[in-house]
Each structure stands twice: as C-alpha cells, then as structure tokens.
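Here's the structure, in structure tokens; my notes come after.
The values are calculated or read from the model by the stated rules, or taken from the named source; none is laboratory data. Being a predicted model, the structure only gives us computed values, none of them experimental. Positions of Cβ are generated from backbone atoms using ideal geometry, with glycine treated the same way; all protein chains shown enter the neighbour counts. The accessibility values were calculated without ligands, DNA or RNA, using every heavy atom of the protein model including side chains. Shrake-Rupley method; radii C 1.70, N 1.55, O 1.52, S 1.80 Å.
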Amino acid sequence: MEIVILLIIGVVGGFLAGMLGVGGGIIFIPILTYFFEKEGLPAADVVKATLANSLFLVLGSGVSGTLRQLSDKSLNWMNTLVIGLPGGAISYLISQSIATGDWYKPFIFQLVFLVFLKLSILKMLLPNKKESGVSISDKLPTGKAALVGVLAGSVVAISGLGGGIVMVPLFQWLFKLDFKQSSRLSLSVIPLLAIFPLVQYLSTQSALNLPHTGFIAWSILLPTLIGVLIFAPIGIKVSRRTPTPVLRITFALLTIIILIKTLYAILH
C-alpha cells in the first residue's frame, strides 16, 4: 500500500511539474516528511532526508521535462546555463552547510516552506501581463538571468522545492515572458539547481534505517521517481493544450490546501 501511495504521489507531482514548471516539491515534501517521521528519525534528520529526497524527485521531473523540450526543439541551452550554473553553485554551498551542520531546525524549515507556498499562491492568482513578443529562444540579459538563478538556487537549498515558484514569476516580470514560456524555461533550469546539492546529500553519512546512500532512502524514492519520470512529459503536453487561467487557479487551490496543512503543523 505504501508503494502505491508513493507511486501516486510521483504521478501527481510529476504531472504538476510538467504543467507548471515548479519541480513538484510542493507535493513531495509533506509526504516525504510523513514517511521519515514514521521511521522514527530525529527531527533534524527528518528535515535533511526530506530535502535530499525531494531534490532527487525534483531533479527527475526537471530532466524528464527537459528531454521533452529537446525532442520538440524548444530548449535554449544558453539561457538555461546562465541561470542554472550560478544557481546550482549557491544551492550547493547552502546545502553543504545544512547537511553537515545542525543549525537548520524543523521549525525554520516549516516557516520557509510556508513563505514559499504563499508566494506560489500569489503567483498563480495575479493577473497576466500583456505579452511582449519576447520568447525563450531570445537571449536573456545575463546579469538579471544569473541573479534569478542565485535566488532560485537559494530557494531550492533551503526548501527542497524546485525553485519554479521564484523563477516563473520573475521570468514574467523581468523578461516579459508569458506564463507557459516561463514554465518551460524554469523546468529546464531545475536540474542544474538540484544536482549540485543532491551530490552533497548523497555523500553525507546518515543514520537512516532504510536502504540508503547518504540521505537518499531508495525504498521511498524509487516508487515515487517512477511516477515522476512517466508523468512529467505528459504534464508538459497537457499544459500546452490547457488555458493559462485554468492552470493558475487549479494550482493555487492545491497550494492553499497544503498551506493550511503546514500552518496546522506549525501551530501544533
């Protein structure tokens, strides 16, 4: 039954990642936290294991979505690298500090997650700006693009999310990309933001009782990852056929539910 639940979570998270370019961490984090708490891990290790395994799933959704973009020739490698490399570097440095220290407490983790959930809701509910004709095939301003990457990399490291809740609105506001183009660009950057901190968590010793490498728990990760890899490309395909307001409202409603659950956890 647990394997089925994890597979379903992977399906939902991968599908939403493909549709919205957000990595799926909003779906993965509450479920991963539940499973690691059930294993009786110390609170600090629950946070690290949740971050590590969420990053692995976020990486899977990003890679799967990027391969889909490669197949239809909609990927701009230069923009992806200019945003992703500085973001990956800062994500690695922050994750190294979290993985090897004990300063990042569960309460901080919940508050950070709550802030990003609120940002995500605002992103989905704010009205669209008029399209400017700018495309992800155009070269974006290097300085601004790198700055977005650094901010998104910080989000990835401290929250376990894919960084899309920061990148998608910033791509719209700074570069005047439309929502769907912003989502596609975000999805292609996510693997670079996730891979570097993931290496850190894989190489850090942990006290997990499950089959593991570092903080990666394979028995929890693999069923979820299968769902992610299969359904992220399907999410991209559905996104292209779905009106943008429908995508925004659906995701906002889902995020509100998770926000209420996170508030409940903080208060209790």
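Going from the alpha-carbon gyration tensor of the range 23-98, what semi-axes, largest first and in whole Å, does one get by taking the root of 5 times each eigenvalue?
Those come to 29, 16, 6 Å.
List the DSSP H helices in the chain whose Cα atoms stretch 18 Å or more along the helix axis and whose mean Kyte-Doolittle hydropathy is at least -0.5.
Going by DSSP H runs, the hits are 2-20, 25-38, 43-71, 77-100, 106-125, 142-159, 179-203, 218-241, 244-267.
Post the alpha-carbon centroid distance, the range 165-225 to the range 9-29, in whole angstrom.
The range 165-225 and the range 9-29 have Cα centres separated by 10 Å.
What is the Cα radius of gyration of the range 199-248 over 2.2 N^0.38 Å, N being its residue count?
Normalised Cα radius of gyration, the range 199-248: 1.72.
Once every DSSP H run of n ≥ 4 in the chain is given -39500 (n - 2.57) and the sum is divided by its residues, what mean residue ellipticity at 222 nm do you get, rounded to the nearest 500 deg cm²/dmol?
-27000 deg cm²/dmol
Can you give the FRET efficiency to the nearest 0.05 for Thr242 and Trp77, using r as the Cβ-Cβ distance and R₀ = 22 Å?
About 0.25, to the nearest 0.05.
For the chain, what's the relative contact order in percent, using C-alpha pairs closer than 8 Å and at least 6 residues apart?
Computed value for the chain: 38 percent relative contact order.
Taking the solvent-accessible surface of protein heavy atoms with a 1.4 Å probe, what is the per residue accessible area of the chain in Å²?
43
Could you tell me which of Ala207, Pro141, Pro233 has its Cα farthest along the dipole of the chain towards the positive end, charges placed at Cβ (Lys, Arg +1; Asp, Glu -1), taken about the Cα centre?
So the residue furthest toward the plus end is Pro141.
Under a plain spin-label model, where a point goes 7 Å from the Cα along Cα-to-Cβ, how far apart in nm are Leu263 and Ile3?
Going from the Leu263 label point to the Ile3 one covers 3.9 nm.
At 7 Å along the Cα-to-beta-carbon direction for both Leu111 and Trp218, put a label point, then send me their distance in nm to one decimal.
For the pair Leu111/Trp218, the computed spacing is 3.8 nm.
Take the residue pairs Lys144/Lys176; Lys118/Lys237; Lys73/Lys180 and return only those whose Cα atoms are more than 22 Å apart.
Going by Cα-Cα distance, Lys118/Lys237 fall outside the 22 Å limit.
Rounded to the nearest 0.05, what FRET efficiency do Ile249 and Gln205 give with R0 = 51 Å and r taken as the Cβ-Cβ distance? Could you check?
Taking R0 as 51 Å, the efficiency between Ile249 and Gln205 is 0.70.
Give the dimensionless ratio obtained when the Cα radius of gyration of the chain is divided by 2.2 N^0.38 Å.
In units of the 2.2 N^0.38 Å rule of thumb, it is 0.93.
Rounded to a whole number, what % of the accessible area of the range 1-82 do carbon and sulfur atoms account for, probe 1.4 Å?
73
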